[in-house]
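Everything below concerns the one structure shown next.
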Amino acid sequence: MRGTVAILGASALAIAGFAGFGIADEEAELVVEGETLVSRVAAPEWHPLDQLMSGWVFRSDETQALQLDDFENPGFAAITLAEEVWETAAGTSGKSCADCHGDAGEAMKGLRAQMPKWSETAGEPWTLEDWINWSRTEHQGAEAWKWESDEMLAMTAFIGLQSRGMPVNVQIDGPMEEWWERGKELYYTRVGQLDLACYHCHEGNYGNMIRADHLSQGQVNGFPVYRLKWGKLGSIHRRFKGCMENIRAVPYKRGSDEFTALELYVASRGMGLSVETPSVRN
């Protein structure tokens, strides 16, 4: 565990680390419905950390337990909605997702693990939300969903579930390299009145406490997550926005190039961890 540190910038912020405060259960395994998910893995050579740890590891025993049982996991209410939407015709095409893709368990398997993914159509990386809205507008002739709508969150959770247990494996070379570098720059750039960057909390101080929050490595392998604080599912970009607001910075918009690049970089920092969608966090 790291000790107490003070980060000085435009404003001063003390991050208190308590030597006696441990991870909920350092020996606990993330086993969901009989399947063991990888919640700790050695980092790749290029990574600044030695070991990667899922945000699940840093949660309380009670919060951890909610994710171990699909019946208890509050995020599964959205899965039920998405299953209905998957089979329901929409737009001018009069077709449902199932009409084109068939069984989601086969057609969508592995997709979430690769997000964001390069789009030849757009010449840029697309998030899962982008791919869903493209399919709705181009193939179904339906209106795009809002980023944080119930339908979008349900569908990203449902599609993500089909990859649960698979390792995060985003592309960071080729046409994605420029975007990855852009996301890395954003990750290490100080912003806001508190003059902080992502790495101050999630690289230099994970495992410590900031007020009542046990800092994690900021992994995104479980999104969309059901956050108890929110009382519902939320997207990766909602979490990014919240972090920026917490340090008194003007956040980028959901779906912006900045947040897409940051999502790519942060996803790459968790390569090898299992997809946990939908996960549960504090």
Worksheet entry | the range 76-161 - Rg over Rh from alpha carbon coordinates, Kirkwood radius | 0.93
Worksheet item: If we count other beta carbons within 10 Å of each Cβ, what is the order of Cys100, Cys243, fewest first?
Response: Cys100, Cys243
Worksheet, complete the sentence: Check: C-alpha center the range 164-202 vs C-alpha center the range 63-120, spacing in Å is 26
Worksheet item: DSSP loop trypsin sites (Lys or Arg not before Pro) in the range 195-240 with at most 16 other Cβ atoms within 10 Å of their Cβ, which ones?
Response: Arg211, Lys229
Response to the item:
Lys and Arg at +1, Asp and Glu at -1: neighbours of Gly110 with Cβ under 12 Å from its Cβ sum to +3
Practice prompt. Can you check what the net charge comes to around Tyr187, using other residues whose Cβ is under 9 Å from the Cβ of Tyr187 (Lys, Arg +1; Asp, Glu -1)?
Written response: 0
Practice prompt. State the Kirkwood hydrodynamic radius of the range 139-189 in Å, one decimal place, computed from all pairs of distinct Cα atoms.
Written response: 14.0
Worksheet item: What net charge is computed for the residues neighbouring Thr127, neighbours being all others with C-beta under 10 Å from the C-beta of Thr127, Lys and Arg scored +1, Asp and Glu -1?
Response: -1
Worksheet item: Tell me, what are the semi-axes, in whole angstrom and largest first, of the equivalent ellipsoid of the range 191-282 as set by the roots of 5 times the Cα gyration tensor eigenvalues?
Response: 19, 16, 15
Worksheet item: Just for the Cα atoms in the chain, what are the lengths along the principal axes, largest first, rounded to whole Å?
Response: 59, 40, 34
Worksheet item: In µm²/s, what is D for the range 127-235 at 4 °C and 1.567 mPa s, where D = kT/(6 pi eta Rh) by Stokes-Einstein and Rh is the Kirkwood radius from Cα pairs?
Response: 78
Worksheet item: In nm, what is the difference between 0.36 nm times the number of residues separating Ser60 and Asp257 and their Cα-Cα distance?
Response: 67.5 nm
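Any read-out appearing in this document is the output of simple, stated calculations on the displayed coordinates, not a laboratory observation. Remember, predicted model here, so these are calculated numbers, not experimental data. Because the Cβ atoms are built from the backbone with ideal geometry, glycine has one as well, and the counts that use them run over all protein chains shown.
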